[in-house]
Amino acid sequence: MKTFTELLNEAAKEVNEIDIFQLKKLIDENYSFKLIDIREDNELLGGKINTAQHIGRGVLEKNIEANAPDREEEIILYCAGGIRSILGCKSLQDMGYKKVFSLKGGIGDWINAEFPLVSNE
């Protein structure tokens, strides 16, 4: 049986990551991709990254096809610190999604860089 750390390390080897500066550039340039916030509902109270849609990590696999039916579309997942998004990306890759990326450092790095948040209304 694998430990959580072993599972995470294996997934991290197979998942592509981008950093907050790359993401900010994509947003500023109106690049076409899906940005998905996979944090829990209560984590959204402090805001989210503009253009992000919310699909909680617990229902990602169940709800992704309704929200992103094209498995060739670029998808960036983020969470609080970048761990859940790695696992989420691995899961989406296993479902046949070809262009999924995890936001390294998650929204925590985004906030630390003082990049803007929007209210999740």
Being at pLDDT 95 or above and closer than 22 Å to ILE49 by Cβ is the filter here, so list the residues in the stretch 1-26 that pass it.
-> VAL15, ASN16, GLU17, ILE18, ASP19, ILE20, PHE21, GLN22, LEU23, LYS24, LYS25, LEU26
Heads up, the helices (runs of 4 or more DSSP H) in the stretch 4-121 (entirely inside) with at least 3 residues that are surrounded by 14 or more Cβ atoms within 10 Å (Cβ to Cβ) and of a type in the set (A, V, I, L, M) are 4-14, 20-28, 83-94
Test: residue in the stretch 96-105 that is at pLDDT 95 or above and polar (S, T, N, Q) | yes
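The values are calculated or read from the model by the stated rules, or taken from the named source; none is laboratory data. Everything numeric in this text was worked out from a predicted model, so none of it was measured. Note: ideal-geometry Cβ built from the backbone for every residue, glycine included; neighbour counts use all protein chains shown.
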